[in-house]
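> Dropping a structure here in structure tokens format, bear with me for questions.
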Amino acid sequence: MLTSALGGCSDDGGRSGAATISSTTATSAVAPPTTPPTAPAPPPEPITLTFSGDVLLHMPVNDRAALYGGEVGEPFDFRPMFDPMRPVVEAADLALCHMEVPTAPDGRLTSYPSFGAPGQVMDGLAHAGYDGCSTASNHSLDRGYPGVVRTLEELDRVGLGHSGTARGPWETGPRVYSLRAGTSTVEVAHLSYAYGFNGYRLPADAPWAANQIDPDRIRADAAAARAAGAELVVVSLHWGTEYQHQPDAFQRSTAEAILPGSEIDLVIGHHAHVVQPIEMVHGRYVVWGLGNQLSNQTQAPRRDGLTVTATASQGWDGRWRVTGVEAIPTWVDPGSFRVLPVVATLSDPATPVGLQQELRASYHRTAEVVSSPATPGVTVTPLP
């Protein structure tokens with residue numbers, strides 16, 4: 001997955017090599033044959049970037065992971081929960097999750113309101129095919145600076161990139177992923193910020209431990225990433241009003257503040273725990289909110305989630321741009337906590353009738369939100 005057109009005009013075959021008179025004599029000179037023009041290089045292939053919703057590990061989710069773990073001789077196993085999403089995630093050139101909660105630095109698991117998750121969740125995410133995660137959220141400091149450190153250590157352990165929290169000033173910048181696009185390489189920078197930290201203060205001796213939304217800083221960070229060679233810049237923002245499908249005033253004002261200019265190509269939103277629309281702001285796609293990927297929030301809209309796949313192509317001017325977004329509805333099964341891609345599961349003839357009904361209802365809820373308003377270039381995976 002990781003490593004990341006311009007038509008040319010030739011001459012018309014005319015008389016550029018015609019004979020010319022070289023003196024007053026009757027002799028003529030013939031110009032040497034010209035070298036055929038080099039054909040322009042074909043444009044790089046488009047690339048796909050996939051993003052998913054909040055990973056929010058309430059204790060019932062951990063308990064189910066412990067049961068799965070017992071079946072394979074491990075303390076916890078989250079792989080069965082993410083396994084249904086593997087075909088979607090692995091198909092992308094770059095796939096990024098949102099790890100909303102820290103892992104427990106001392107092994108003591110905690111849930112709402114201050115989370116501390118098992119580190120084995122990272123194995124589940126890596127198993128699904130993710131390449132990295134955003135980590136800035138309102139829960140980033142739930143277990144203090146040690147929780148920040150442990151979370152990043154666990155991500156490092158399984159080879160996942162991360163952006164949004166840091167163990168030192170050197171980690172506050174973007175995570176850059178190199179993607180193959182045919183014979184070319186595309187550099188994609190990922191930045192992550194949160195609106196706040198549930199009343200927890202950043203440590204006085206580690207003010208860089210988590211990134212907070214500040215439009216001026218976001219634009220400066222994005223500009224620095226582009227100046228360093230990034231050809232696409234993606235910004236993940238933990239923002240919005242919980243359980244509200246429509247973006248709030250803070251979301252809209254932040255998007256308006258950061259998107260004028262050419263630094264940022266795509267904004268991915270989290271936090272509301274319900275699906276929010278996808279719109280264009282100043283010519284850039286803004287995915288206001290992806291809802292939950294995995295949680296124990298059992299109310300119907302909170303079990304609905306969204307994974308999006310953005311397609312980026314290189315334009316005639318050499319600039320990479322996001323040209324479309326596919327919305328892929330997901331749903332959390334409340335018994336198994338398996339994250340189900342709705343359309344793929346409905347396409348399976350073995351899916352029970354009762355589950356089909358749940359999934360169709362979820363699909364229609366999600367599609368209605370995503371399509372309100374309808375945005376050019378945004379599609380919802382169609383039902384079978």
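Bear in mind these aren't lab numbers, they're just calculated from the coordinates by the rules spelled out. Given the structure is predicted, the values throughout are model-derived calculations rather than measurements. All Cβ positions, glycine included, derive from the backbone under ideal geometry; neighbour counts span all protein chains shown.
> Could you check the spin-label model distance between S347 and A228? Points 7 Å from the Cα along Cα→Cβ, value in nm.
It works out to 3.8 nm between the two label points.
> Determine ³J(HN,Hα), in whole Hz, for all residues of segment 155-161 in sequence, where each value follows from phi through the Karplus function 6.51 cos²θ - 1.76 cosθ + 1.60 and θ = phi - 60°; x replaces Gly and Pro.
Each residue's phi maps through the Karplus curve to give 5, 4, 4, 9, x, 9, x Hz.
> Below 8 Å, C-alpha to C-alpha, sequence gap of six or more: please give me the relative contact order for segment 47-380 in percent.
Contact order relative to length: 16 percent.
> Once every Cα of the chain carries one equal point scatterer and solvent is ignored, give the base-10 log of I(q)/I(0) from the Debye formula at q = 0.08, 0.10, 0.15 Å⁻¹, two decimals.
Reported log10 I(q)/I(0), two decimals: -0.43, -0.62, -1.35.
> Whole-Hz Karplus ³J(HN,Hα) for segment 259-272, in order, using 6.51 cos²θ - 1.76 cosθ + 1.60 and θ = phi - 60°, x for Gly and Pro?
For segment 259-272, the Karplus curve yields 8, x, x, 10, 6, 10, 9, 7, 10, 10, x, 9, 3, 5 Hz.
> How many angstrom lie between the Cα centre of segment 221-297 and the Cα centre of segment 37-101?
If you average the Cα positions of each part, the centres end up 20 Å apart.
> How big is segment 175-319 by the Kirkwood estimate over distinct Cα pairs, in Å?
It is 16.4 Å.
> Would you work out which of A312, S336, P349 lies farthest towards the positive end of the dipole of segment 270-384? Charges go on Cβ: Lys and Arg +1, Asp and Glu -1.
A312
> For the chain, what is the mean residue ellipticity at 222 nm derived from helices alone (per DSSP H run of n ≥ 4: -39500 (n - 2.57); sum divided by total residues; nearest 500 deg cm²/dmol)?
That comes out to -7000 deg cm²/dmol.
> Of all DSSP beta bridges in the chain, what percent run antiparallel (nearest 5)?
55 percent
> Next up: Treating only the Cβ atoms of Lys and Arg (+1) and Asp and Glu (-1) as charged, compute the dipole magnitude of segment 47-380 about its Cα centre; round to the nearest 20 debye.
With only Lys, Arg, Asp and Glu charged at Cβ, the dipole is about 240 debye.
> Which far-off residues, 5 or more places away or on another chain, put their amide H under 5 Å from the one on S236, with H placed in the peptide plane?
Result for S236 returns L191, S192, Y193, I268.
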